[in-house]
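Encoded as structure tokens, the structure appears first; notes follow it.
The values are calculated or read from the model by the stated rules, or taken from the named source; none is laboratory data. Every value quoted in this text rests on a predicted model; they were computed, and no experiment measured them. For neighbour counting, all protein chains shown are included, and Cβ atoms are generated from backbone atoms with ideal geometry for every residue, glycine included. Surface areas here come from the heavy atoms of the whole protein model, side chains and all, with no ligands, DNA or RNA. Shrake-Rupley method; radii C 1.70, N 1.55, O 1.52, S 1.80 Å.
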Amino acid sequence: MNTVDRDGLEAEREFLLRSIADLDAEAAVGDLDPTDHQALRDDYVARAAAVVRALEQAPTLSGSLDLPVAATRSVSRGRGVVVVVACLALAGVAGVALARSSGSRPQGAPLTGSLPSSNAAELEQAANFVAQGKAVEAVKLYDKVLKNDPKQPVALAYRGWLVRLAGLKDEGLAYVDRAVSADPSYADAHFFRGMMLWEDKKDPASAVAEFRLFLADNPPQQMVSLVQDALQRAAAEAGIPAG
């Protein structure tokens with residue numbers, strides 16, 4: 001019987017997550033060419049997904065896995081990699097977009113646009129915490145933002161997703177629902193809602209609708225194939241066309 005070097009895999013996982021966070025930080029301040037950033041990031045994310053898959057398939061799970069890898073605890077095998085890579089991709093886009101944003105915009109506009117300066121610093125730092133697996137720190141910052149702006153959709157959506165991964169499924173969905181109500185065009189909230197409806201509520205048909213909304217809103221390229229895969233799986237479970 002083959003043995004699994006869990007320590008080696010976990011060390012590689014931590015290295016890759018740190019590397020992704022470092023790449024995003026460099027890109028956010030303009031120290032890395034956007035094309036180079038995207039190419040390197042895609043490679044690291046793919047490698048991280050492979051490591052997570054290897055850990056999922058190991059005979060036993062030992063030690064603690066910090067977010068976003070902790071996402072694999074609450075999803076079935078096959079969905080876990082989708083969720084892990086999606087979290088990495090969304091967190092990276094959030095960090096870079098927020099760091100580069102300037103000016104003002106209507107409350108609740110999509111993540112890829114400019115954000116109010118009063119929220120930008122906290123949301124940028126929270127996105128970095130998500131990418132680094134520091135869930136508690138991220139939630140604290142989202143709570144700080146929501147204290148001043150209870151309808152801030154980014155804070156609502158990501159707070160909901162993080163507490164869901166911590167096991168508070170109903171609370172998580174309630175926050176994501178609030179994010180969708182605050183800004184129905186905010187794509188990330190639809191992805192999170194889709195995963196929660198699919199995995200937690202066993203409602204793949206409703207999840208398909210959420211995934212379609214996400215894909216219709218010009219999402220980051222690295223997210224497209226991941227969410228398309230989730231949509232196809234959910235549609236197959238629901239017995240409805242994926243298209």
Self-check item: Matching residues, segment 20-41, being out of contact with any Lys or Arg (no Cβ under 9 Å at 6 or more places or on another chain), assigned to a helix (DSSP H, G or I) and surrounded by 14 or more Cβ atoms within 10 Å (Cβ to Cβ)
Solution: Ala21, Asp22, Ala25, Glu26, His37, Gln38, Leu40, Arg41
Exercise. Those residues that are crowded, with 24+ Cβ neighbours inside 10 Å and more than 12 Å from Val227 (Cα to Cα), I need them from segment 197-212; list them, please.
Key: Trp198
Exercise. State which residue is surrounded by the most Cβ atoms within 10 Å (Cβ to Cβ) when the search covers only segment 156-178 and only residues that are more than 14 Å from the chain's Cα centre (by Cα), among the hydrophobic types (A, V, I, L, M, F, W, C) and modelled with pLDDT of 90 or more.
Key: Leu173
Self-check item: Checking Val163 against (1) in a helix (DSSP H, G or I); (2) closer than 30 Å to Asp43 by Cβ, the condition it does not meet
Solution: (2)
Quiz item: Tally time: how many residues in segment 139-155 are open to solvent by 80 Å² or more (accessible area, probe 1.4 Å) and either touching a Leu at 6+ places or on another chain (Cβ under 6 Å) or not in a loop (DSSP other than H, G, I, E, B) (or both)?
Solution: 4
Quiz item: So which residues in segment 229-243 are farther than 11 Å from Gly194 by Cβ and in contact with a Pro (Cβ under 7 Å, 6 or more places away or on another chain)?
Solution: Ala235, Glu237, Ala238
Practice problem: Go over the candidates Pro116, Pro150, Pro110 one by one and state the one that is at pLDDT 90 or above and not hydroxyl-bearing (Ser, Thr, Tyr). | Solution: Pro150
Self-check item: Index of the failed condition, Val136 passing every other in (1) crowded, with 17+ Cβ neighbours inside 10 Å; (2) in a helix (DSSP H, G or I); (3) of a type outside the set (S, T, N, Q); (4) modelled with pLDDT under 85
Solution: (1)
Exercise. Look through segment 233-243, keep the residues that are surrounded by 14 or more Cβ atoms within 10 Å (Cβ to Cβ) and not aliphatic (A, V, I, L, M), and return whichever of them is farthest from Asp43 (Cα to Cα).
Key: Glu237
